[in-house]
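Notes follow once the structure below has been shown.
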Amino acid sequence: MPNPLHQRILQHLQSSVYRPQKPRLLAHELQLTEEGRYPAFRQALRELMDNGRVTLGASGSIMLPTQRVGRDEVMGVYQHNRRGFGFVVPTDPASHEDLFIPEGQNGGAITGDTVRARITSRGNRDGKALFSGRVVDILKRTSRRFAGTLVRRAGQWLVLPDGNNFTRPILLPDGPGKAQRPNLKVVAEITDDTDPDLPRGVLLEVLGAEGQKDVDLKSVIVQFNLPAEFPDEVIEQASTAAERLNLAHAADAPARYDLSDQMICTIDPDDAKDYDDAISLRRLDNGNWELGVHIADVAHYVPEGEPLDMEARLRGNSVYFPGHVIPMLPEILSNGVCSLQEAVPRLCKSVFVTFNQAARPLSSKYANTLIRSARRLRYREAQAIIDGEKTIPHPDGDRKLSDYDPKVVELLHQMNELALRLQARRQEDGQLVLELPEIELVLDEQGQVVGTRAEDTSFTHTLIEMFMVEANEAVARLLDSLQVPFLRRVHPQPDLDDAARLRQFVHVAGYVLPKTLDRKALQVLLKQLRGKPESFAINLAVLKSLTRAEYSPKVEGHYALASQHYCHFTSPIRRYADLTIHRLLEKYLAMREKGGGGKRKTKLEDVPSFDELAALGKQLSFTERRGDDAERELRKVKVLTLLQKQVGAQFSGVITGITQFGVFVQLREYLIDGLIRYENLLDDWWDVDEKSGVIRGQRSGTVIGIGDVCQAMIVRVDVARRELDLSIVELSKSRRPAAATTHTAKSAKKDKGPRRSQRQSSPTAPKKRAPRGVKKKKR
């Protein structure tokens, strides 16, 4: 009979959130440190080690045996891409490369599953090994709970899961109960998946009818296995930390620089509640600038290894939905004692960077501080003050410029001047800035979309981003000089194949990129595109060519920011990666207080190892992607719910993708992609050239390419499957015939035989997310 304690330990070690720990901390994570339980844990661990099922890794940490199960196999966590393919991220911290899983080779795995995959092909490019494979076994499901629609078919009750991640119906042998009816949104748990086509399950929860308030939100939370309420012990610890606020000020004051009498302000969105950064700025006598970036000292309230910390690490980051937030920390901290609210004392970690008149950093200082924000400003409000507007927008009613302290007005003008110089300097260094439209969804009281509005583009957004980037770089330079591993925000340069595809696409659009692609060439291209009709399509193509940024201790730099050393430091309220940086900075400040921070090189002690950080970085990159995907999913659900009432309506759109099975169009008003299948694309046979991003009608000679503008009509909406089918009503812009074409697809009206390449795919394939080296402001 299996030993339950063995199973509990192994299950925890196989989870996607586990990083190698020493036995004592592992026992703490499993809540086995109490007297009487720890000896049994040690005995079970010893037995597992004797059987070769666990091993000692770096620094005596407990881990699974090397996850390369065999020469041709890898064990890890599966991550699915909506375009059909996926990756297996090895759970072995020593493995740094992910295994590519082509479409149709995932063996039914979904994102977060622990799987065993077999390598099926190997390659090499530029000295880098490239592997692809297929999933041969699902070792552990990330979740057996799925949200979906309750239906009754052929006398059987089924749950049809939402989304495209798990699409098999779940049979409810015992039924849903007498009080339930078809078409309700529910949560089901799989209890028996021996039949891969029709797993069996039980009904756990009824979310409500489609369209009811927050039903779509609850469904997405279940779909992405996002964390729910905080455990009681975490809430209790957060409350205790909040109650100690005043005592902490008094006890900690001698070790902190008191900046409470200095002019410091915050600038955030209108609806923000967790203010984690504040700014000060002064002009020095020699004409240089000293920028102060003051970040909430979250580490002061979140002791490492305690329940509050373990929960924050498990969540990884806050998740921001339209009208709702799942916070990384309990709100009593995130919106309370850690939030840099106006006119109240707050503990911070501050970075002071001195710039010359060309806005190049000369030196940096770091300190534990006590601040008192003089003013809580909003982006539009701050921009109006800088612009000298007579009427200043404010949530409580419009204000006059004379209502503001002249010192606040002067500070904003100085911030604007420095930010403009920083922007010019960073552009000179090669930083990439893409121009892609963004919208805000307008929701009614029931949480349903009733319209959209363009996202605020005030320069004050850029101003704050510039200051945050400079603070992040300053801390990364410090930690690099200390020669300690730390979680960097890395963004590798574009893959050669991606660069080649981008070059071809840009050439078809009438522009030129050099054979050796660098940031300067991309900057020139993006500048040429400003104000042009094809600007959106090419900016989107550039975005898709870029590798996604991630967390890793590897020294790779940040390509899009043209930064050699970069980390995330400025948002510890909502990102666990930033919290790890704060703790390293605290160790440095403590060492400096003891006299070890002078010119003499001194290494920080008791810091995480490279392997531990590599494992943590993979987990945090996963939770970040999960949160971003969940946010996009809910936005899509809300927009599709609105559009299902508008079948037959027409919208302006832009061609964003060419595939074997149809053309993707993004509706400009809602920034959502829909699919025009070839049978709905005019009355023609189509030659498809995916490489060039164009199709050509054999009969009419019409050429349609990525970036073309059209009028699209809504044909079909399936909210549960996240599908939007469109048809073209009118082409506003079309290319001249292309010379090279490959693959043929036909209109259904003309097709008398079998069509080629009729693969099914989600018609709402998302664009790749921009690598964010800068702070993402809360909505």
Tally the residues that are surrounded by 22 or more Cβ atoms within 10 Å (Cβ to Cβ) and at pLDDT 85 or above, restricting the search to the range 684-693.
2
Of all residues in the range 397-451, count the ones that are within 30 Å of Ala541 (Cβ to Cβ) and of a type outside the set (A, V, I, L, M, F, W, C).
13
Give the residue that is modelled with the lowest pLDDT, with candidates limited to residues of the range 703-742 that are in contact with a Lys or Arg (Cβ under 7 Å, 6 or more places away or on another chain) and open to solvent by 40 Å² or more (accessible area, probe 1.4 Å).
Thr741
Residues of the range 274-284 classified as part of a loop (DSSP other than H, G, I, E, B) and surrounded by fewer than 16 Cβ atoms within 10 Å (Cβ to Cβ), total:
1
Output the number of residues of the range 335-386 satisfying the condition of being touching a His at 6+ places or on another chain (Cβ under 7 Å) and farther than 24 Å from Asp297 by Cβ.
3
Go through (1) β-branched (Val, Ile, Thr); (2) at pLDDT below 85; (3) open to solvent by 20 Å² or more (accessible area, probe 1.4 Å) and name the single condition Thr114 misses.
(3)
Which residue is farthest from Pro553 (Cα to Cα), if the candidates are limited to the range 606-622 and must be open to solvent by 20 Å² or more (accessible area, probe 1.4 Å) and not in a loop (DSSP other than H, G, I, E, B)?
Phe622
Given the conditions (1) outside any strand (DSSP E or B); (2) buried (at least 19 other Cβ atoms within 10 Å of the Cβ), every one holds for Asp270 apart from (2)
Asn165 meets each of (1) in contact with a helix residue (DSSP H, G or I) (Cβ under 6 Å, 6 or more places away or on another chain); (2) under 13 Å from Gln223 (Cβ atoms); (3) at pLDDT below 75 with one exception, condition (1)
Looking only at strands (runs of 3 or more DSSP E) that fall completely inside the range 285-343, which ones have 2 or more residues that are over 26 Å from Met263 (Cα atoms)?
319-321, 324-326
Of the conditions (1) open to solvent by 30 Å² or more (accessible area, probe 1.4 Å); (2) of a type in the set (D, E, K, R); (3) modelled with pLDDT of 90 or more, the single one that Glu633 does not satisfy is (1)
Are any residues in the range 553-599 assigned to a helix (DSSP H, G or I) and among the hydrophobic types (A, V, I, L, M, F, W, C), and if so, which ones?
Ala577, Leu579, Ile581, Leu584, Leu585, Leu589, Ala590, Met591
Out of the residues in the range 117-138 that are at pLDDT 85 or above and not small (Gly, Ala, Ser), which is farthest from Leu64 (Cα to Cα)?
Thr120
If I filter the range 15-24 for residues that are modelled with pLDDT of 80 or more and touching a helix residue (DSSP H, G or I) at 6+ places or on another chain (Cβ under 7 Å), do I get at least one hit?
yes
Residue that is surrounded by the fewest Cβ atoms within 10 Å (Cβ to Cβ) [pool: residues in the range 210-232 that are touching a residue at least 60 places away in the same chain (Cβ under 8 Å) and assigned to a helix (DSSP H, G or I)]:
Lys218
Picked from the range 194-209 (must be touching a Ser or Thr at 6+ places or on another chain (Cβ under 9 Å) and within 12 Å of Pro169 (Cα to Cα)), the residue surrounded by the fewest Cβ atoms within 10 Å (Cβ to Cβ) is Arg200
Where Thr641 falls short, out of the listed (1) closer than 28 Å to Ala549 by Cα; (2) open to solvent by 10 Å² or more (accessible area, probe 1.4 Å):
(1)
Contact list, first residue from the range 345-359 and part of a loop (DSSP other than H, G, I, E, B), second anywhere and open to solvent by 10 Å² or more (accessible area, probe 1.4 Å), beta-carbon distance below 6 Å, six or more apart or interchain, is Asn356/Asn288; Asn356/Leu362; Gln357/Gly287; Ala359/Arg421; Ala359/Arg425
So which residues in the range 623-657 are farther than 25 Å from Ala537 by Cα, of a type in the set (D, E, K, R) and assigned to a helix (DSSP H, G or I)?
Glu624, Arg626
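The values are calculated or read from the model by the stated rules, or taken from the named source; none is laboratory data. Treat the numbers as computed from the prediction; the structure is a model and nothing was measured. Heads up, the Cβs are rebuilt from the backbone with ideal geometry, glycines too, and the neighbour counts pull from every protein chain shown. Note: accessible area is taken over every heavy atom of the protein model, side chains too, but ligands, DNA and RNA are not part of it. Shrake-Rupley method; radii C 1.70, N 1.55, O 1.52, S 1.80 Å.
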